[in-house]
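The values are calculated or read from the model by the stated rules, or taken from the named source; none is laboratory data. The shown structure was predicted, so the numbers you read here are calculated from the model rather than taken from an experiment. Because the Cβ atoms are built from the backbone with ideal geometry, glycine has one as well, and the counts that use them run over all protein chains shown. The protein model used for the area step is the full one, side chains on, heavy atoms only, and it has no ligands, DNA or RNA in it. Shrake-Rupley method; radii C 1.70, N 1.55, O 1.52, S 1.80 Å.
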Amino acid sequence: MMNHNNRLAFILSHGNKSHFVYPRKQSYTTENNQHNSDGRYELFTMVDNTITDEIKNLILAESTDELHNNSVMAGSLAMALCYIHRLQKHHKLTSRILVVKGCEDHPSQYMNMMNTVFTAQKQNVVIDACIIDNESSLLQQAADITGGIYLKITHTAGLLQYLLWVYLPDPVMRDRLTLPPRKQVDYRAACFCHRNLIDIGYVCSVCLSIFCAFSPICTTCHTKFTFLAPSKSTKKKTKKSS
């Protein structure tokens, strides 16, 4: 939209899988590529029709008995990073990822999520987060680490306006814009034993695994910790002067 040479990829993060929606391997049908009477740009029409059809197919193929309140967000981010890495082998690109999220965080994805975030930081890929429902501490950390924008939408009716105003401009131009102020980032870590976010925990000095309760053996690297008992204090005999 900002440049004709820009590329777009659209990935759906579902409860049990990540689905690559656009671009598709097979070519789009000539029927959908025909000129539209509404005057829209043909490429925009093709992208809209492709994404709409893929979302419909995914919803219809999903069983109504299996309801998920979370998504495999870490897997979708990893898929996006792989796609970016493949393109950067042949083209010089400045890439970024926008995550539009409407479900709750799942603490079990903490490790995988952090691995993808640090990979994005190493590849200089900015991760922006647009939150529709509940706050996401994982995406707060992802946006802060990679230099992106984290914003919770209070009114979903203005979603398009937020996307065009906050997320569409290039990251280089954001310093010149009046954007919403950054919130304090929740940097709580998830324990390795129960995958719960904790404020205070125990850290293994060998593999840096985090636990919410004390254990003499690290369940990750199986290191045994020995504790030396405090030495007994010896009483010094003092000679009494006569």
Once you sort the root eigenvalues of the Cα gyration tensor of segment 57-193 as a ≥ b ≥ c, which label holds: rounded (a/c under 1.5), prolate (a/b larger than b/c) or oblate (the other case)? rounded
Surrounding charge for Ile11, neighbours by C-beta under 13 angstrom, Lys/Arg +1, Asp/Glu -1, total +2
At 7 Å along the Cα-to-beta-carbon direction for both Ile198 and Asn5, put a label point, then send me their distance in nm to one decimal. 5.0
Residues with amide H under 5 Å from that of Leu98, placed H, sequence gap 5 or more: Asp128
Would you check the accessible area of Ser215, probe 1.4 Å, heavy atoms only, in square angstrom rounded to 10? 50
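Can you pull the percent of segment 140-190's accessible area that's carbon plus sulfur, 1.4 Å probe, other chains left in place?
Its accessible area is 57 percent carbon and sulfur atoms.
Could you please put Lys89, Lys101, Lys122 in sequence from largest to smallest accessible area, using a 1.4 Å probe? Don't skip to the end; give the middle numbers.
Values: Lys89 145, Lys101 10, Lys122 175 Å².
The residues order as Lys122, Lys89, Lys101, largest area first.
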So which chymotrypsin sites (Phe, Trp or Tyr not before Pro) in segment 105-213 end up in coil per DSSP with only 16 or fewer other C-beta atoms within 10 Å? Tyr187
Counting only protein chains, not ligands or nucleic acids, how are Thr220, Thr178 ordered by accessible area (probe 1.4 Å), most first? Thr178, Thr220
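Can you tell me the accessible area per residue over segment 83-233, all protein chains present, probe 1.4 angstrom, in square angstrom? Kindly include the intermediate steps, with their values, before the conclusion.
Values: 9820 Å² over 151 residues.
I get 65 Å² per residue for segment 83-233.
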With a Cα-only, solvent-free Debye model of segment 118-172, what are the log10 I(q)/I(0) values at q = 0.20, 0.26, 0.28, 0.30 Å⁻¹? -0.73, -1.04, -1.12, -1.18
Using heavy-atom solvent-accessible surface (probe 1.4 Å) with all chains present, what is the largest-first order of Met173, Met114? Met173, Met114
